[in-house]
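Asker: Let me begin by handing over the structure; questions about it come next.
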Amino acid sequence: MNNIFVYIEIEEGKIADVSLELLTKARSLAKTLNCKVEAIAIGSNIAGIETTLAQYGAEVVHIADDKELAPYRTLPHTAIVCGVFEQEKPQIALFGASSVGRDLGPRVSSALHSGLTADCTSLEIGDHTTKDKEYKDLLYQIRPAFGGNIIATIINPDCRPQMATVREGVMRMERVASPAKAEVKIIDFKKFLKDSDFAVKIISREIEHRKINIKGASVVVAGGYGMGSKEGFEQLHKLAEVLGGEVGASRAAVDSGFAEHARQVGQTGTTVRPKLYIACGISGQIQHTAGMDGSAMIIAINNDADAPIHKLADYSIVGDVNEVVEKMIKYYKEN
Ligand code: FAD
């Protein structure tokens, strides 16, 4: 059985979380398929990367390490990934739905005449039967479709590798209990490259470090349209501060100018999994809940007892959000 490959994204010498999330997921898919998890890492000064990757489930690590290979560049990275895939013939290839993965994944799938499902939120293994053929052990590539109104399961029965990009933060990142040593395969990458792959020269780079980090916050206090105004959101900032958390927002709140886009939680925003998510004046439409339903505990504050968010919440407070939030700030400051 051919193996599952995960493309490892490296930014500023650090492995992207989404790559470790994908390795964790690939581990469980590989268990079902009875195959191995392989990682492909391309960069500069990345010797030893296999130790970390093995901790998340990589059994084989393909490495191309050269100063010319960092930072990421579309053409050389595509050529190397395609070269390795043509050689190794993976049955499944996974990329993060980050700016790099969204650039690289489709190019690789096009070059290999395969298909790719973008922005998946879940992956499973399943069968499919048509009137002429039975397919076993396909990759179910699951993602919201038609504006998030349905969850589509997409399969790619006849092309290999089956390819997907997966949204950051939707899958858990878990270490293997007792990791084995990964086998390292050094990629003879020069044979895959042509001079024209280096036609694009990077003259300068500016990295924008995100000041707002709702993805990494253990507490997210999120506000919706029900907060009424930008000033209403200031209360949420105070509550987030006393709880040591970050402020999130629904798209309606972002579109109304109550909060910055970097705070948007949901299908077209960020996926978060905090220990505590407090939804303030948010109705709980599927496009929002898709980005927060993995939170360990959810508290909903909404004056409409029938708002869908209450069905998802562990604790519901039916009341005026301004009054409730004020009381919460006072309580947590005193306790
Ligand atoms: P509303 O639905 O208007 O809800 C406001 C809530 O506040 C109501 O339930 C109301 O009862 C309550 N309320 C009002 N006043 C008070 C008060 N004083 N006290 C307490 N409660 C009060 N949405 C996202 O959030 N994230 C996304 O990423 C996203 N992506 C989308 C992608 C697509 C393709 C589409 C079509 C939509 C997307 N949406 C997204 C929009 C989504 O469908 C909803 O419109 C949005 O989530 C609603 O935001 P809301 O809950 O803040 O506003």
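Asker: Can you tell which of Val176, Ala152, Val84 lies farthest toward the positive end of the dipole of the chain, using +1 and -1 charges on the Cβ of basic and acidic side chains (Lys, Arg; Asp, Glu)?
Answerer: Sorting the options by dipole projection puts first Val84.
Asker: Follow-up. Normalised by the number of residues in segment 99-257, what is the relative contact order in percent for Cα pairs under 8 Å and 6+ residues apart? Spell out each step's value before the answer.
Answerer: Values: 171 pairs, mean separation 25.7, N = 159.
Relative contact order of segment 99-257: 16 percent.
Asker: Also, quick follow-up: Just the accessible area per residue of the chain, please: how many Å² with a 1.4 Å probe? The partial results should precede the final answer.
Answerer: On the way: 16920 Å² over 335 residues.
For the chain, the per-residue accessible area is 51 Å².
Asker: Report the accessible area of Cys82, computed with a 1.4 Å probe over the heavy atoms of all protein chains in place, in Å² rounded to the nearest 10.
Answerer: 10 Å²
Asker: Continuing with this model, one more query. With every protein chain present, what accessible area does Leu243 have (1.4 Å probe, heavy atoms only), rounded to the nearest 10 Å²?
Answerer: Answer for Leu243: close to 40 Å² accessible.
Asker: Evaluate the charge dipole of segment 189-335 about its Cα centre and quote only its size in Debye, nearest 20, assuming +1 on the Cβ of each Lys and Arg and -1 on the Cβ of each Asp and Glu. Can you show the working numbers first?
Answerer: Details: 18 positive and 18 negative charges, 179 e Å.
Computed about the Cα centre, the dipole is about 860 debye.
Asker: While we're here: Using unit Cβ charges (K, R positive; D, E negative) and no other charged atoms, how large, in debye to the nearest 20, is the dipole of segment 68-146 about its Cα centre? Before the final figure, lay out the partial values.
Answerer: On the way: 8 positive and 10 negative charges, 38 e Å.
For segment 68-146, the charge dipole is close to 180 debye.
Asker: Run the numbers on segment 209-278 and let me know its relative contact order in percent, using alpha-carbon pairs under 8 Å that are six or more apart.
Answerer: Values: 121 pairs, mean separation 28.8, N = 70.
Value for segment 209-278: 41 percent.
Asker: Let me ask something additional. I'd like the Karplus ³J(HN,Hα) series for segment 252-257: coefficients 6.51, -1.76, 1.60, θ = phi - 60°, whole numbers in Hz, and an x wherever there's a Gly or Pro.
Answerer: The phi angles translate into 4, 5, 5, 4, 8, x Hz.
Asker: Quick check: pseudo-label points 7 Å beyond the Cα along Cα→Cβ at Asp195 and Gln87, how many nm apart are they?
Answerer: The two pseudo-label positions are separated by 2.4 nm.
Asker: Still on this structure, I have one more. At 0.36 nm per residue, and after removing the present C-alpha to C-alpha distance, how many nm does the segment from Lys327 to Gln55 gain when stretched out fully?
Answerer: On the way: separation 272, 0.36 × 272 = 97.92 nm, distance 4.43 nm.
The Lys327-Gln55 span can extend by a further 93.5 nm.
Asker: Additional query: Let's see if you can work this out: charge +1 on each Lys and Arg Cβ, -1 on each Asp and Glu Cβ, no other charges. What is the dipole magnitude of the chain about its Cα centre, in debye to the nearest 20? If you can, show how the numbers build up before the last one.
Answerer: Details: 38 positive and 43 negative charges, 82 e Å.
So the magnitude is around 400 debye.
Asker: Pick out, from Ala305, Leu112, Val272, the residue whose Cα sits farthest towards the positive end of the charge dipole of the chain, with +1 on the Cβ of Lys and Arg and -1 on the Cβ of Asp and Glu.
Answerer: Going by the charge dipole, the pick is Leu112.
Asker: Still on this model: Normalised by the residues of the chain, what does the relative contact order come to in percent, with Cα pairs under 8 Å and at least six apart?
Answerer: On the way: 708 pairs, mean separation 47.5, N = 335.
Taking the mean separation of contacting Cα pairs over the length of the chain, I get 14 percent.
Asker: Between segment 127-149 and segment 213-260, what is the C-alpha centre distance in whole Å?
Answerer: If we compute the Cα centre of each part, the gap is 37 Å.
Asker: At 1.4 Å probe size, put Arg27, Arg263, Arg172 in order of accessible surface, largest to smallest. Display every interim value, and only then the final one.
Answerer: Numbers: Arg27 65, Arg263 20, Arg172 130 Å².
So, going from the largest accessible area down, we get Arg172, Arg27, Arg263.
Asker: Please list Glu68, Glu246 from largest to smallest accessible area, probe radius 1.4 Å, with all protein chains kept in place. Please list the in-between numbers first.
Answerer: Details: Glu68 85, Glu246 45 Å².
Reading off the accessible areas and sorting them downward yields Glu68, Glu246.
Asker: Enumerate the amide H contacts of Gln162 below 5 Å, restricted to partners 5 or more residues apart or on another chain; note that Pro and chain-start residues carry no placed amide H.
Answerer: For Gln162, the qualifying residues are Ile92, Ala93.
Asker: Work out, in µm²/s and without decimals, the Stokes-Einstein translational diffusion coefficient of segment 1-107 at 37 °C, 0.692 mPa s, Rh from Kirkwood over C-alpha pairs. Intermediate values should be presented prior to the final figure.
Answerer: Working: Rh = 13.6 Å.
Rounded, D is 241 µm²/s.
Asker: Also, quick follow-up: Sort Ile154, Ile125, Ile80 by accessible area with a 1.4 Å probe, largest first. Mind showing how you got there, number by number?
Answerer: Working: Ile154 60, Ile125 40, Ile80 0 Å².
So the residues, ranked largest to smallest area, are Ile154, Ile125, Ile80.
Asker: For Lys211 paired with Asp293, estimate the spin-label separation in nm (one decimal), with each label point 7 Å from Cα along the Cα-to-Cβ line.
Answerer: That separation, rounded to one decimal, is 3.4 nm.
Asker: Among Glu183, Glu86, Glu134, which one moves the most in a GNM of the chain with springs linking Cα atoms closer than 10 Å?
Answerer: Looking only at Glu183, Glu86, Glu134, the largest GNM fluctuation is found for Glu134.
Asker: Would you work out what percent of the accessible area of the chain, with all protein chains in place, is carbon or sulfur (probe 1.4 Å)? Kindly include the intermediate steps, with their values, before the conclusion.
Answerer: Working: 8160 of 16920 Å².
So the carbon and sulfur contribution to the accessible surface is 48 percent.
Asker: Separate question: So if each residue of separation counts as 0.36 nm, and I subtract the Cα-Cα distance between Ile125 and Asp304, what length gain in nm does that give? Walk me through the intermediate numbers first.
Answerer: Working: separation 179, 0.36 × 179 = 64.44 nm, distance 3.96 nm.
That works out to 60.5 nm of additional length.
Asker: Quick check: the angle from helix 17-33's long axis to the longest principal axis of the chain, C-alpha only, nearest 10 degrees?
Answerer: Its long axis makes an angle of about 70 degrees.
The values are calculated or read from the model by the stated rules, or taken from the named source; none is laboratory data. Just so it is clear, the structure is predicted and the values come from calculations on it, not from any experiment. Neighbour counts run over all protein chains shown; Cβ positions are idealised from the backbone, glycine included. Areas reflect the complete protein model, heavy atoms only, side chains present, ligands, DNA and RNA absent. Shrake-Rupley method; radii C 1.70, N 1.55, O 1.52, S 1.80 Å.
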